[in-house]
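The values are calculated or read from the model by the stated rules, or taken from the named source; none is laboratory data. These numbers come from a predicted model, not from an experiment. Because the Cβ atoms are built from the backbone with ideal geometry, glycine has one as well, and the counts that use them run over all protein chains shown.
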Amino acid sequence: MYGAEHLLTARAVSRKVAEQLLERIRWWEWYTGVFGAEINNNPAPGNKEGGLTTIFEKSLGAISKGGTTPLRAVYRYAERIREKGFVVMDTPGYDPVSVTGMAAGGANIILFSTGRGSVFGFKPVPSIKIATNTPLYRRMPDDMDINAGVIMEGVSVREVGLQILEEVIAVASGKRSKSELAGVGEQEFNPWVLGPVL
């Protein structure tokens with residue numbers, strides 16, 4: 001979210017929540033500096049191949065996935081989530097480490113969107129994979145649960161949102177996600193170790 005955090009602080013339910021988010025941003029600036037890195041550098045090679053030119057563009061996309069509801073709380077890595085609604089947990093960007101923190105905080109289903117085809121599947125909690133484009137969904141039918149790319153073909157955001165909600169309810173009720181059916185995710189549990197994990 002670096003470089004676009006002002007969009008979240010404007011949605012915070014209180015000044016305290018906004019300040020907690022900004023404190024986390026300042027911590028990341030310090031943390032990356034300790035290891036001689038910069039938090040505002042360009043995205044990873046795969047993101048560049050996908051068309052992103054700056055980390056700020058990636059941040060705008062990440063924040064847009066959070067919808068438009070108020071930001072209710074900010075949590076540190078693996079901290080127990082107690083607030084209902086839209087919250088932010090401070091995690092590294094590396095998917096296995098990030099999702100491990102979310103699961104430790106209480107998440108029991110992961111909605112994982114991908115535009116390039118990450119084969120991430122997480123255990124001990126189910127991961128519902130959301131393809132952001134139809135070519136990806138067609139290329140990886142055994143790993144993608146939802147095709148959100150149909151929005152670009154005229155299906156409404158609301159309709160796809162309802163499809164995602166129905167899939168969450170089905171998986172919470174015992175349906176196995178495609179990652180679970182494929183046996184993907186056994187090696188994804190990866191706690192954050194101190195060091196340059198961004």
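Of note:
- Test: K16 is of a type in the set (K, R) and at pLDDT 90 or above: yes
- Filtered residue count, the stretch 1-19, keeping only those that are farther than 15 Å from S64 by Cα, among the hydrophobic types (A, V, I, L, M, F, W, C) and part of a loop (DSSP other than H, G, I, E, B): 1
- Unique match (being in a helix (DSSP H, G or I) and crowded, with 18+ Cβ neighbours inside 10 Å) among V97, V88, V74: V97
- Of residues in the stretch 43-71 being more than 30 Å from V13 (Cα to Cα) and among the aliphatic types (A, V, I, L, M), the one surrounded by the fewest Cβ atoms within 10 Å (Cβ to Cβ): A44
- Residue selected from the stretch 108-143 under the condition assigned to a loop (DSSP other than H, G, I, E, B) and of a type in the set (S, T, N, Q), by the criterion surrounded by the fewest Cβ atoms within 10 Å (Cβ to Cβ): N108
- Unique match (being of a type in the set (D, E), in a loop (DSSP other than H, G, I, E, B) and farther than 25 Å from G174 by Cα) among E57, E79: E79
- Residue check, G51 farther than 27 Å from A170 by Cβ, assigned to a loop (DSSP other than H, G, I, E, B), free of Cβ contacts under 8 Å to residues at least 60 places away in the same chain and more than 14 Å from the chain's Cα centre (by Cα): yes
- Residue within the stretch 131-140 that is out of contact with any strand residue (DSSP E or B) (no Cβ under 9 Å at 6 or more places or on another chain), closer than 21 Å to K58 by Cβ and touching a residue at least 24 places away in the same chain (Cβ under 8 Å) present: no
- Qualifying residue in the stretch 20-42 (condition: without any contact (Cβ under 8 Å) to a residue 12 or more places away in the chain, outside any helix (DSSP H, G or I), surrounded by fewer than 16 Cβ atoms within 10 Å (Cβ to Cβ) and among the polar types (S, T, N, Q)): no
- Total residues in the stretch 144-171 satisfying the condition of being in a loop (DSSP other than H, G, I, E, B) and within 20 Å of G67 (Cβ to Cβ): the figure is 3.
- The requirement of being farther than 17 Å from G3 by Cβ and modelled with pLDDT of 85 or more is fulfilled somewhere in the stretch 53-67, by at least one residue.
- Screening E188 with (1) modelled with pLDDT of 95 or more; (2) in a loop (DSSP other than H, G, I, E, B); (3) of a type in the set (D, E, K, R) gives one miss only, at (1).
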